[in-house]
Amino acid sequence: MPTVDRDAVLDDTDLGALATEICGEPRGRGRGARWHCPNPAHPDEHPSMGIYQGFQGRWRWKCHACGEGGTAIDLLVLGAGMTVRDALLDLAGRAGLTPQPPVRLAVPSTPVPANPPSTAVHPAIGELVTAAAELLWQPLGAGARRYLHSRGFTDDLLTANRIGFDPGPRQLPRPEGLPHGGPGIVFPVLHPDDRQPAYYQLRYLSSRSTRRYDQPARTLAPNPKLAHLATSVPAQPGITVVCEGFPDALTATHNGLAAVALLGTAHASTTSAPALAERLIAERPDSAFVLCFDDDTALDPAKLPAGQNAAARLADELAHRDQLVLNIQPPTGIKDINAWWQQDPATVRSAFERLSAMLEPPAIIQPVDGPRPAPGPPQTEATNPGLPDLGQLPSC
Ligand SMILES: [Zn+2]
């Protein structure tokens with residue numbers, strides 16, 4: 001790697017201009033200018049990110065809602081999916097500090113990741129997923145297996161979804177651009193047709209990791225946004241559970257339901273929710289939808305209700321398209337379906353079992369572009385998230 005003077009690069013970077021490039025036009029001007037947060041996990045509808053001069057006069061950015069922040073390098077890493085090295089080279093190229101051409105920057109025009117320009121998947125992704133799926137079952141994977149079993153996942157379910165263990169780059173070398181922060185669980189996104197790995201999310205196991213989840217750089221693979229999970233037993237027909245992330249979706253599949261994991265609530269932001277709804281309807285035709293998103297405020301009331309806001313937007317979009325949709329939430333104080341299941345598996349199972357009775361899909365679901373439903377009894381109308389919150393029902 002060529003020597004690049006990090007401080008000189010940061011000093012020569014116009015952070016405001018870079019923020020506009022990554023996050024879109026700011027609201028307000030001067031010191032009060034606010035950009036949409038570049039954090040893909042934070043659907044920041046009302047711009048909350050500002051820039052300011054910090055220590056030694058160096059410019060930094062900070063999102064006042066989710067707390068993310070840092071230098072121009074962090075902005076490229078978080079907002080454009082670059083590695084630190086690529087971000088540094090890119091900034092150096094812009095500032096004319098190095099002879100080599102700048103790394104090509106592909107950034108969305110909005111803070112929400114749009115479809116990346118390339119659909120090619122780097123072969124290293126398949127290789128890592130395959131190696132990790134083998135390592136999980138070897139002695140090296142014992143700790144990871146314990147972690148997964150403690151979350152309630154059976155070996156059948158782990159095998160069916162090719163869940164794996166990444167011991168970190170020292171034991172499993174990988175090219176630049178794949179997560180390299182240490183040991184973690186590999187949750188692969190498998191192509192629905194041939195079940196080949198198209199992407200993965202890494203759940204770090206070390207509490208020292210600064211972030212909990214990581215994923216390949218978008219130069220190596222497009223973020224598919226959705227992952228369809230496999231059930232180890234035949235799933236209840238006519239119902240798809242949409243969850244925020246893999247552990248919740250695995251919980252639903254373990255309870256005999258077809259499940260889809262959404263890879264980040266940003267994909268259900270105001271601008272992205274309509275396309276997401278259409279895609280779900282296209283990929284899960286003849287299915288009613290049950291949304292189980294996190295209650296981010298369950299453990300910390302000061303947090304943003306990002307998960308529940310995303311669920312409400314997606315439920316709205318699905319209902320507007322004549323889809324039957326239920327929005328279920330764990331009881332107060334429990335963050336997500338997987339945590340709920342770990343605490344009280346019997347109640348979660350019975351809640352999931354009652355879904356089919358509540359939804360009765362064959363009588364109500366119409367093809368998207370088929371005939372409109374004939375006027376009929378009230379339950380033929382598209383329903384909405386106002387239906388009973390299963391978490392609040394008595395746990396008979
Ligand atoms: Zn933010």
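Counting other Cβ atoms within 10 Å of each Cβ, which trypsin sites (Lys or Arg not before Pro) in the range 180-271 have at most 16 and sit in a DSSP loop? Please report the intermediate quantities before stating the final value.
Numbers: sites: R195, R203, R208, R211, R212, R218, K225; in loops: R195, R208, R211, R212, R218, K225.
In loop regions of the range 180-271 (DSSP not H, G, I, E or B), the sparsely surrounded trypsin sites (Lys or Arg not before Pro) are R195, R208, R211, R212.
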- Residues whose built amide H sits under 5 Å from the amide H of A198, excluding neighbours closer than 5 in sequence, are V189, L190, H191
- Message: Given a 1.4 angstrom probe, what's the average accessible area per residue across the range 181-260, in square angstrom?
- Response: 36 Å²
- Relative contact order, percent, of the range 6-95 when contacts are C-alpha pairs under 8 Å separated by at least 6 residues? 27 percent
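Over the range 188-227, what is the relative contact order in percent, taking alpha-carbon pairs closer than 8 angstrom and at least six residues apart? Can you show the working numbers first?
Details: 44 pairs, mean separation 14.7, N = 40.
Taking the mean separation of contacting Cα pairs over the length of the range 188-227, I get 37 percent.
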- Taking only protein heavy atoms and a 1.4 Å probe, what accessible area per residue, in Å², does the range 6-95 have with all protein chains in place? 46 Å²
- Suppose every K and R has +1 on its Cβ and every D and E has -1 on its Cβ; what is the size of the dipole of the range 234-330 about the Cα centre, in Debye to the nearest 20? 120 debye
- Within the accessible area of the range 6-95, what % is carbon and sulfur when the probe is 1.4 Å and the other protein chains stay in place? 47 percent
- Taking the dipole about the Cα centre of the range 123-224, with the C-beta of Lys and Arg at +1 and of Asp and Glu at -1, give me whichever of G126, G168, L205 is farthest to the positive side. L205
- Task: Assign one of three labels to the range 123-224, namely rounded, prolate or oblate, based on the Cα gyration tensor with a ≥ b ≥ c the square roots of its eigenvalues; rounded applies when a/c is under 1.5, prolate when it is not and a/b is larger than b/c, and oblate otherwise.
- Result: oblate
- Share of accessible surface on carbon and sulfur in the range 123-224, whole %, 1.4 Å probe and ligands ignored, is 52 percent
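The values are calculated or read from the model by the stated rules, or taken from the named source; none is laboratory data. What you see is a predicted model, and the numbers here were worked out from it, not measured in a lab. We place every Cβ from the backbone using ideal geometry, glycine too, and count neighbours over all the protein chains shown. When the accessible area is computed, the model is the full protein with side chains, heavy atoms only, and any ligands, DNA or RNA have been set aside. Shrake-Rupley method; radii C 1.70, N 1.55, O 1.52, S 1.80 Å.
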